[in-house]
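The values are calculated or read from the model by the stated rules, or taken from the named source; none is laboratory data. Keep in mind that what you see is a predicted model, and the values were worked out from it rather than measured. For neighbour counting, all protein chains shown are included, and Cβ atoms are generated from backbone atoms with ideal geometry for every residue, glycine included.
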Amino acid sequence: MPLLIESQNTPIEVEVLLPIPLPQYFSYAVPADLKSKIQIGIRVEVPFGKSKLYSGLVVGINQQSVHAHPLKEILSVLDDKPIIYPTQLKFWEWMASYYCCTMGEIMQAALPAGLKLDSELRIQPSPNIEEAIPHLDDQEYMIAEALQIQGSLSLDDIRDILGKKQIHKVVQSLLYKGAAWVEEKLKTKYTVKKILCIQLAEPYKSDSKAFEKLLNHDIKQPGQVHVLLAYSMLALGGMPVGKQAVLQKADVGESALKTLIKHGIFVSYKQEISRLTQRLHSEDEAHLLSQAQVAAIEEIEAQFEEKSIVLLHGVTGSGKTNIYIEYIKKAVKSGGQVLFLLPEIALTGQLLARLERWFGQKIQPYHSKMNSQERVEIWNSVAEGQSIIIGARSALFLPFKNLQLIVIDEEHDASYKQKDPNPRYQGRDAALYLGQMFQAKILLGSATPSLESYSQAKQGKYGLVSLTQRFGDLAMPEIQLVDLVEQQKQRSMKSLFSLPLLNAMQETIAQNKQAILFQNRRGYSPYLGCKLCDYTAKCIHCDVNLTYFKGKRILKCTYCGYQTKLIENCPDCNGLLELKGTGTEKVEDELQLIFPDIRIARFDQDSTRNKGAADQILEDFAEQKTDVLAGTQMVTKGLDFEHIRLVGIIQADALLQYPDFRAAERAFQILTQVSGRAGRKGSQGLAIIQTSMPKIAIFADVINHDYLSFYDREIAERKRFNYPPFTRLIEITCKHPLENSAADAAEILASRLKKSLGNRVLGPAIPGISRVQNLHIRTIIIKMERNQSVIEKIKAELLSIRSQLQNAPAMRKLKVVLDIDP
Ligand code: ADP
Ligand code: ZN
């Protein structure tokens, strides 16, 4: 009998998911010696095609042979424990089916490089290679030696060295044993930035009596007393205490502290800053919740009794974070895991620091700017039960076991949507699905909820809780509109700045306060055009104007990265060329010309490319080492600083001119959010919006802080034009190197779709940017009623028509991209 049971439970064949964009799983036979190691969710090394080897994931186990023909065998098993659980597989399967992509694409997106071992992977020696060497076997040792000599190796190099093809297991083992790291192509510049902190030396550190005696009797010099007092206040928070913070709080010069260090009362040490950023030194965030916060918490609690999703609509500065914290505490206390989602990686540092005060090591960050090593570590810790993760959308893929709470902060933010490549998923929506799989509670928060979420809440599908006052009775910022046309008529513009903005800037600086300037364009200038003819400098690969980046003195395409040198004369008529339009670099420059003494930092994609850079810029701003932060959308989101008095929006018009049904919603969100950065802690803030279209209705809503008025008008528009949330959309993009072929393909696709879907199909249309990276583009939109079975049929139909079209010999180079809920 036992024998029989054993043979029944023994895996004979497995289904393996490979990291390739084909829609099916692949079957392999399990050789006898590997049978005991097979589990769902472990990785195996398998042959594929004539000569390829992949590491794939076991997603199914057959206890009988179901294939008539002999199967290829698994070559090796890479893990002892599963790296994902069945819940993750189900989540991936949902995502592949909902967003019309393949499981291989999801796998690519989900796993950090160190777990993918794909053919592009290179490894390099880790800093601990010497310590790891005694634990290596012969083959591993050969590779470790080669790594030390050559610096880095590709998988093919390793094959050459070992003289065999099958090397994934060796590589995996080198990674596990800490001898090697995955080489990061783009992120090599990262060095951990440290700042100087101080702490009490012994015996004062552990003996409070000794410290009191020191303070009350031994130290007499007032400066030194101030330092001691300031330190003990700051140390209350339990976080490292920065040297500068102590000096600032004590309001003394360096010498008092130097003396104390010399006399062995303090020691100084260096501390990595990404862990602390600006909150490091700030006053202890009072642990008391306001009445409004307490009421909101009770209401959320009541809503969660009936509903699994609650939307917290709280104005900017209403203290939503402290409410999240209460819920996170609860979930952690009951042994659950928590996922805290943020739209923007650049924000994690600041929030992490805030949450760390409460949760210490229980909270860890996870996002794509971390290196693969860190990501694999976090990945494994989550699989083992790590309590709290804060991260951008990719954190959804972590191997949670017992997720009890998902917080989705700034739920309205467009950055939750992955635009390219597949899976083109909406992080918020996917989080809702994931949460429901775990029966977790989901708390959505925003000052400007998406129309989707707010309408769900209004219909009672989500709970809705509102906070209408800022924390600490702080006033909402005053918002002024400045009519640029009027200003120009009166000749009161100075460069990009209207008189009211300049005056406000002057006052802000005089009061030693700070300002944020927002302009939604990168670089210096988005066009280079001829003064005489209609020439503008364009990308050679895209139908896009080149942006001038002054820092690097180049013209660059922000779509494909193509760069070229700045030219002075028009290639057509030899006339002089001039730069037109305004990007963040220009805002920075022009402001500096007017105010030569102020310190300006730029906060955009370009200035934060290296890991740690964003945290650094924000920390300098928090410590008032800079006066003005000039940036793109990145400055509009969730930043919380004490000394911002003024927010200036240089050009609001562009926000309203996007050819997108969400343009008005985005504009309202961005303007409200960026204004909301003004006037925290202390005094009322001021936001100045410069526009040449001051009559547009959303400005009135922004000025009056009236979300509901905005919502009512906008939702009526959506209804009138049958847009989401009343319908669902699929955007189909046809791309082809030949313009005619792109157009033909789109025509064929649209007409076939129209046959079965009728007037749900709109287009094809030529988009505003009709060529990118040498591919011509046509788009089609499908507008569908919100009916699950109809939507599923439409997707199936679409996929089948697409594959017919792509299989036609003439369309070999055609790409058809499907974007669900664009
Ligand atoms: P929101 O996310 O709603 O815009 P925040 O959570 O950033 O608001 O809070 C705004 C400010 O109020 C922050 O500086 C925060 O430290 C402070 N704050 C909020 N709640 C409390 C509290 N209970 N005690 C002390 N400070 C608080
Ligand atoms: Zn380009």
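Worth a mention:
- Against the conditions (1) farther than 25 Å from His367 by Cβ; (2) surrounded by fewer than 19 Cβ atoms within 10 Å (Cβ to Cβ), Asn610 satisfies every one except (1).
- Residues being within 34 Å of the chain's Cα centre (by Cα), in contact (Cβ under 8 Å) with a residue 60 or more places away in the chain, part of a helix (DSSP H, G or I) and crowded, with 20+ Cβ neighbours inside 10 Å are represented in segment 73-88 by at least one member.
- Taking first residues from segment 402-416 that are of a type in the set (S, T, N, Q) and partners that are assigned to a strand (DSSP E or B), the Cβ contacts under 8 Å between residues at least 6 apart in sequence or on separate chains come to Asn402/Gln337; Gln404/Gln337; Gln404/Val338; Gln404/Lys441.
- Filter pass, Lys556 being more than 17 Å from Ala654 (Cα to Cα), buried (at least 16 other Cβ atoms within 10 Å of the Cβ) and within 16 Å of ligand 2 (Cβ to nearest atom): yes
- For Cys101, the conditions (1) part of a helix (DSSP H, G or I); (2) at pLDDT 95 or above; (3) of a type outside the set (Gly, Ala, Ser) all hold with the exception of (1).
- Evaluated against (1) more than 22 Å from Thr636 (Cα to Cα); (2) buried (at least 22 other Cβ atoms within 10 Å of the Cβ); (3) of a type outside the set (Val, Ile, Thr); (4) out of contact with any helix residue (DSSP H, G or I) (no Cβ under 7 Å at 6 or more places or on another chain), Leu501 falls short on exactly one condition, (1).
- Selected residue [in contact with a helix residue (DSSP H, G or I) (Cβ under 9 Å, 6 or more places away or on another chain), among the β-branched types (Val, Ile, Thr) and at pLDDT below 95] from Val628, Val635: Val635
- Selection within segment 409-455 - within 16 Å of ligand 1 (Cβ to nearest atom) and either under 17 Å from the mean Cα position of the chain (by Cα) or assigned to a loop (DSSP other than H, G, I, E, B) (or both): Asp409, Glu410, Glu411, His412, Asp413, Leu444, Gly445, Ser446, Ala447, Thr448, Pro449
- Residue match in segment 551-559 (condition: away from ligand 1 (no atom under 16 Å from the Cβ), closer than 27 Å to Phe668 by Cα, β-branched (Val, Ile, Thr) and outside any loop (DSSP other than H, G, I, E, B)): no
- Note on segment 755-800: residues that are farther than 30 Å from Asn545 by Cβ and exposed (fewer than 15 other Cβ atoms within 10 Å of the Cβ) total 15.
- Here Ala414, Ala395 are screened, and the one residue that is on the phi < 0 side of the Ramachandran plot, small (Gly, Ala, Ser) and buried (at least 24 other Cβ atoms within 10 Å of the Cβ) is Ala395.
The rows are residues; the columns are (1) within 19 Å of Arg357 (Cα to Cα); (2) among the aromatic types (Phe, Trp, Tyr); (3) more than 15 Å from ligand 1 (Cβ to nearest atom); (4) free of Cβ contacts under 8 Å to residues at least 40 places away in the same chain.
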residue: Leu289; (1), (2), (3), (4): yes, no, no, yes
residue: Ala295; (1), (2), (3), (4): no, no, no, yes
residue: Lys307; (1), (2), (3), (4): no, no, yes, no
residue: Val315; (1), (2), (3), (4): no, no, no, no
residue: Ile325; (1), (2), (3), (4): yes, no, no, yes
residue: Ala331; (1), (2), (3), (4): yes, no, yes, no
residue: Gln337; (1), (2), (3), (4): yes, no, yes, no
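- Whether a residue is touching a His at 6+ places or on another chain (Cβ under 7 Å), under 25 Å from Arg645 (Cβ atoms) and buried (at least 17 other Cβ atoms within 10 Å of the Cβ) was assessed, and Thr448 passes this test.
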